[in-house]
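Peer 1: Have a look at this one.
Laboratory data are not the source of any read-out in this text; all were calculated from the coordinates shown. Since the model is a prediction, treat every value here as computed from it, not as a measurement. Here the Cβ positions follow ideal geometry from the backbone for every residue, glycine too, while neighbour counts run over all protein chains shown.
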């Protein structure tokens, strides 16, 4: 009886599409529906197929995700993209407009306003570019028509179906990137389910159009990944005689400061505990190689996006925001 009632609720939210449509009639989609119905309490095949029947194949999604990788970006190129006067000025404005929410997030989660702002700034230029694909279209296309990463995107499609049920939103109303990332902070559906918060308590975790919810959600994500309140992020150092193979080995802190100094690195300033593990990095900057140590919070930022260049862009944009805010 409970399943029948929930199925009726689903069909109200997701009007029954013609089951001869693009995805609902395909054997692999029907297998997906059977699998999800068996795994998830409250779903049945008909309800899931009614959702898939509304999804439309998007060739541009396949083109975007399978396009040959461009030449690998260097730190110098990242600086040109993310450390601009436009992005800094817009970030200062964003912080001024949402000061109360940012301070609340700082108090609750321990993540400074400049870090939350910098992530939203790097991800979407403070909500200016959040994606113009229906999420259901992007994820169905990648789940059923992109075999190289089908497992990942089928998992995200399941998460998205759970998301729209939990939030009670029409399946076609939620927009995102070609890879299904959503809102100001570009959460994939599984991240939304696990970390998005209704920061203004209006009954909807609206990371798409509500900067307050987006701010709380980004801060919660970092806190849940063990952000260290008051901790440092990164430190520029001199490589000295340290062998090159100690750099860029892992995003996770792997070497102690004592080990690096013993290997020939110049003395690390800052009064840090020599037993502290750090991430040694060599980045190609505008004046040549730069050597950095990523601290625990730097690693936490890479949990948001698994790239040392991304985390460094967030860190240095946050430093620019701090300086620009101090002069205003």
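Peer 1: Only counting other Cβ atoms within 10 Å, I'd like 314, 278, 212 sorted with the fewest neighbours first.
Peer 2: Least crowded to most crowded, the residues run 212, 278, 314.
Peer 1: Under a plain spin-label model, where a point goes 7 Å from the Cα along Cα-to-Cβ, how far apart in nm are residue 252 and residue 319?
Peer 2: 2.7 nm
Peer 1: So I have (1) 67, 42, 35; (2) 64, 46, 35; (3) 96, 57, 41, and one of them is Cα extents along the principal axes in Å calculated from this model. Which one is it?
Peer 2: Computed from the coordinates, Cα extents along the principal axes in Å corresponds to (1).
Peer 1: Arrange the following residues from fewest to most other Cβ atoms within 10 Å of their Cβ: 106, 98.
Peer 2: 106, 98
Peer 1: Taking the Cα atoms only, what angle lies between the long axis of helix 308-327 and the longest principal axis of the chain, rounded to 10 degrees?
Peer 2: That helix lies at roughly 70 degrees to the long axis.
Peer 1: Then there is this: Using alpha carbon centroids, what distance separates the range 276-328 and the range 201-245, in Å?
Peer 2: 11 Å
Peer 1: State whether the range 247-315 is rounded, prolate or oblate according to the following rule on the C-alpha gyration tensor (a ≥ b ≥ c being the square roots of its eigenvalues): a/c under 1.5 gives rounded; otherwise a/b larger than b/c gives prolate, and the remaining case gives oblate.
Peer 2: Oblate shape, in that a/c is at least 1.5 and b/c is the bigger or equal ratio.
Peer 1: In 5 Å bins starting at zero, report the fraction of Cα pairs in the range 26-158 per bin as a rounded %.
Peer 2: The calculated distribution, bin by bin, is 2, 9, 13, 13, 12, 11, 13, 13, 9, 4, 0.
Peer 1: Return the calculated 222 nm mean residue ellipticity for the chain, to the nearest 500 deg cm²/dmol, obtained by summing -39500 (n - 2.57) across DSSP H runs with n ≥ 4 and dividing by the residue count.
Peer 2: -16000 deg cm²/dmol
Peer 1: In degrees, nearest 10, range 0 to 90: what is the angle between the Cα axis of helix 211-224 and the longest Cα principal axis of the chain?
Peer 2: 70 degrees
Peer 1: Over the range 173-328, calculate the relative contact order: mean separation of alpha carbon pairs under 8 Å at least 6 apart, over the residue count, as a percent.
Peer 2: Averaging sequence separation for qualifying contacts and normalising by length gives 18 percent for the range 173-328.
Peer 1: Using Cα-Cα distances under 8 Å and only pairs 6 or more residues apart, what relative contact order does the range 111-245 have, in percent?
Peer 2: 24 percent
Peer 1: In percent, what relative contact order does the chain have, based on Cα pairs under 8 Å that are 6 or more apart in sequence?
Peer 2: Details: 542 pairs, mean separation 56.4, N = 328.
Dividing the mean separation by the residue count of the chain yields 17 percent.
Peer 1: Helix 135-145: angle to the longest alpha-carbon principal axis of the chain, degrees 0 to 90, nearest 10?
Peer 2: The answer is roughly 90 degrees.
Peer 1: Another question about this same structure. Could you list 111, 197 so that the one with the fewest beta carbons within 10 Å of its beta carbon is first and the one with the most is last?
Peer 2: 197, 111
Peer 1: Kindly state, to the nearest 0.05, the FRET efficiency for residue 289 paired with residue 204, given R0 = 30 Å and r defined as their beta-carbon distance.
Peer 2: 0.05
Peer 1: Another question, then. Give the dimensionless ratio obtained when the Cα radius of gyration of the range 148-201 is divided by 2.2 N^0.38 Å.
Peer 2: Numbers: Rg = 11.2 Å, N = 54, 2.2 N^0.38 = 10.0 Å.
Compared with the compact-globule rule of thumb, the range 148-201 sits at 1.12.
Peer 1: Taking the alpha-carbon set of the range 176-328, what are its Rg and Dmax in Å?
Peer 2: That works out to 17.9, 57 Å for Rg and Dmax.
Peer 1: Take the chain, connect every pair of alpha-carbon atoms lying under 10 Å apart with a spring to form a Gaussian network, then pick out the residue of 120, 233, 65 with the largest mean-square fluctuation.
Peer 2: 65
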